[in-house]
1. I'd like the Karplus ³J(HN,Hα) series for segment 289-295: coefficients 6.51, -1.76, 1.60, θ = phi - 60°, whole numbers in Hz, and an x wherever there's a Gly or Pro.
2. Taking the highest mean first, how do the peptides 198-204, 248-254, 49-55 order by number of other beta carbon atoms within 10 angstrom per residue?
3. Taking the Cα centre of segment 1-54 as the origin, how large is its charge dipole in debye, to the nearest 20, when only Lys and Arg (+1) and Asp and Glu (-1) carry charge on their Cβ atoms?
4. Grab the DSSP H runs of the chain that are 4 residues or longer, score each as -39,500 (n - 2.57), total them, divide by all residues and round the 222 nm result to the nearest 500 deg cm²/dmol.
5. Of 334, 242, 285, which is farthest along the charge dipole of segment 218-338 in the positive direction, counting Lys and Arg as +1 and Asp and Glu as -1 at C-beta?
6. Convex hull over the alpha-carbon atoms of the chain: what's its volume per residue in Å³?
7. State the volume of the convex hull built on the alpha-carbon positions of segment 1-56, expressed per residue in Å³ and rounded to an integer.
8. Ratio to report: Rg/Rh of segment 46-196, with Cα atoms as the point set and Rh obtained by the Kirkwood method; give two decimals.
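Just so it is clear, none of the values below were taken in a lab; they were calculated from the coordinates. Please read these numbers as outputs of a predicted model, since none were measured by experiment. Using ideal geometry, Cβ is built from the backbone for each residue, glycine included, and neighbour counts are taken over all protein chains shown.
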Amino acid sequence: MVILIDSGTTNSRLRLYDRSTSKVLDTEKIQIGVKDTAISGSNTNLKAQLKRGLERLLTKNQLEPTDIEYLAASGMITSNLGIYEVPHVSSPAGISDFAKYSKVTKLEELLNIPCIFIPGMKNSISLSETENLVSYINDFDVMRGEEVESFGLLKQFDVKGKGIMVLPGSHTKFVAVGANKELLYCLSTLGGETLQAIQKQTILSDSLDSSLIENIDAKMLECGYEAAKQHGLTRSFYHIRLLDLFTDLDENQRANYFTGSVIYNDLQALSQSLEEIGEIDWMIVGGSNPLRKAFTHLLRYMNNNWKIIEAEDQQVELSLVFGATDILTNYYNLGFLE
């Protein structure tokens, strides 16, 4: 019996996994991530919440810490804002690279159960010491957790050739995948956090529901996309207030307009990065709804020649399990665990 820990920017999830049957037996979701550390300046609360989550998961299933062979942790938990930092693997990287550079330790906040911390990935950049890093900053990028999700989705889809993983969440992550299923590079935006921050911390709070999109309105997504394209992102944001004052659009329609404008900018970043990978054969859209459906629709709106594959809820859920367990299998094969 093992426990898989996926800890991101805003949420963490613990999954009790039976290796003998390859089944998830129970899940514990915790509404905390490393954003709490970034805001408070301390990871004390993150540690405490993870510990309590582990204790609840064990109690519910009548287990003791000694019944768990090990924990496997991925995501932002392995960053400098998490609880145990593991250096990034440099791209390009295959699944065996992530296994090779994983680290094992015991921590009191994780009930002293041996924990395998899976590293994230950083883009490999070759620059001389004399070159101005600021001029090349757009070539840099990092990710933690999306490497697990990417490998887990690849296991569930029969795709060939080069492609892009589109993984919206607190941050939008685009992950380029090579023909041999290696991860070539990643590209990140603050898309999800922008949606939340603008909705909660600006005058637009009065024009948008706290849950943002309730269901997809294709026309309004496209209108927001075109508004950002023609008038710029921050002007399109002010459109939301104007739509509230002068039209009869409801909160869901305004939220779709708002989301479309943010996604436009994310897809512009993606479009520019495609020059590096060249022609692609497929795109897989993961992440949770409604952002997954919004991205799928606007990717097709942007270019109807792309082969866009939208993952289902169960496939997204299993991606984190399959990706982590495949890395662990490689870890075993390298002789690090018995």
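1. 7, x, 4, 4, 5, 5, 5
2. Those peptides, ordered most packed to least, come out 49-55, 248-254, 198-204.
3. Its charge dipole is roughly 40 debye.
4. Estimated from H runs of four or more residues: -13500 deg cm²/dmol.
5. Looking along the dipole axis, the top candidate is 242.
6. It is 152 Å³ per residue.
7. Here the figure is 63 Å³ per residue.
8. 1.02
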